[in-house]
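So the structure is just underneath, and the comments pick up after that.
The values are calculated or read from the model by the stated rules, or taken from the named source; none is laboratory data. Since the structure is predicted, the reported quantities are computational estimates derived from the model, not experimental observations. Here the Cβ positions follow ideal geometry from the backbone for every residue, glycine too, while neighbour counts run over all protein chains shown. Just the protein is used for accessible areas: all its heavy atoms, side chains included, with ligands, DNA and RNA removed. Shrake-Rupley method; radii C 1.70, N 1.55, O 1.52, S 1.80 Å.
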Amino acid sequence: MITIKNESQIEKMRKAGALLHSVLEALRAEIEPGVTTLHLDQMAEKLIRDAGAIPSFKGYEGFPFSICASVDDQVVHGFADRRKLRKGQLLSIDCGVILDDWQSDSAFSVLVGGGTPMAQKLVDVTEECFWIGANMAREGNRLGDLSHAIQVHAEKHGYGVIRDLCGHGIGQEMHEDPNVPNYGNPGRGVKLQRGMTIAIEPMISMGTWKVYCEDNDWTIVTRDHSLCSHYEHTVLITDGEPEVLSYPGKKVAEEVRR
């Protein structure tokens, strides 16, 4: 069931989103060659709990960490560990918080210490896919409109759009209706309404869209082991420009025009 949030509930999601944004910015600043993803996980949990919030990933259906730390060909749900990150690796960090019973979910990808132009282009295009899709997340549009916009932009650059995973509604639960695919047909799917909150999260690979799950039953990897980038924010549907709840003050239209 799709839930429509009222203004007081939206304000709580804004606060959750602002906290999550601050946590992810702190993690981003910490990432460099030699750092371990386990250190980043522990750092995230401390920042979240010190703010009076709960790391929503930890313990979710048995997931053992506060962040998903996915490296290179890992798409999502990577396990944090003690291996030191190496220069040029593509690291995706996905994290969620629960603050005052309301959730926020966000992810970013970065090249550790910098990387090749080809890898940087993948990261950049994945972020562009998010903003182009988010710009279509407007009252009266259909979900297929934003899904199609993401697919077209990624495939224009020759990239694969991961199809076995998608974005989702979000509120008091991490995963709510509707599913938000990153591919599809315009004019199809659920009609977007003011007060809906969705997590839009393009997962874009340099090669195939096909994936498989590692033996830990969590981590998803590209089948051809090509690099994969991930970018996500929690977005509010309004009667005008969408509001990115997990990136306070960021204007969707400005990003699309860049």
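Sorting the segments 101-107, 30-36, 162-168 by their mean number of nearby beta carbons within 10 angstrom, highest to lowest, gives 101-107, 162-168, 30-36.
Once all protein chains are placed together, Y212 keeps about 70 Å² accessible to a 1.4 angstrom probe. A simple spin-label model places pseudo-atoms 7 Å from Cα toward Cβ; at M118 and K156 they are separated by 2.3 nm. Could you compute the net charge surrounding V125? Neighbours are other residues with a C-beta less than 12 Å from the C-beta of V125; K and R count +1, D and E count -1. With Lys, Arg at +1 and Asp, Glu at -1, the neighbours total -2.
When the chain is described by a simple charge dipole with +1 on each Lys and Arg Cβ and -1 on each Asp and Glu Cβ, the residue from G96, Y159, L85 located farthest towards its positive end is Y159. Per-residue extension of 0.36 nm, minus the Cα-Cα distance of I2 and K46, leaves a gain of 12.6 nm for this segment. Once the Cα-Cα distance is subtracted from the 0.36 nm per residue extended length, the T36 to S22 segment shows a gain of 3.0 nm.
Got a number for carbon plus sulfur as a percent of the chain's accessible area, 1.4 Å probe? All intermediate terms of the calculation are to be shown ahead of the outcome.
On the way: 5420 of 11180 Å².
Carbon and sulfur: 49 percent of the exposed surface of the chain.
Could you work out the local net charge near A253, counting Lys and Arg as +1, Asp and Glu as -1, over the other residues with Cβ closer than 11 Å to its Cβ?
+2
Summed over qualifying helices (DSSP H, 4 residues or more, each -39500 (n - 2.57)) and divided by its residue number, the chain shows a 222 nm mean residue ellipticity of -10000 deg cm²/dmol.
Loop-located GluC sites (Glu not before Pro) in segment 77-175 (DSSP state other than H, G, I, E, B) with a sparse environment of at most 15 neighbouring Cβ atoms within 10 Å: E139, E173. The trypsin sites (Lys or Arg not before Pro) of segment 58-94 that DSSP puts in a loop, and whose beta carbon has at most 14 other beta carbons within 10 Å, are R82, R83, R86, K87.
Local charge sum around F57 (other residues, Cβ-Cβ under 11 Å, Lys/Arg +1, Asp/Glu -1)? Mind dumping the intermediate values first?
Working: positive: K58; negative: D41, E45, E61, D94, D105.
With Lys, Arg at +1 and Asp, Glu at -1, the net is -4.
The separation of segment 209-258 from segment 1-64, counted between C-alpha centres, amounts to 15 Å. For the residues C228, C213, C68, a GNM of the chain with alpha-carbon springs under 10 Å puts the largest fluctuation on C213. For the pair A253 and D81, label points projected 7 Å from Cα toward Cβ lie 4.7 nm apart. Once a ≥ b ≥ c are taken as the square roots of the eigenvalues of the Cα gyration tensor of segment 1-131, is the result rounded (a/c under 1.5), prolate (a/b larger than b/c) or oblate (a/b not larger than b/c)? Prolate. Remark: the D164-D239 segment gains 23.9 nm on full extension, using 0.36 nm per residue and subtracting the alpha carbon distance.
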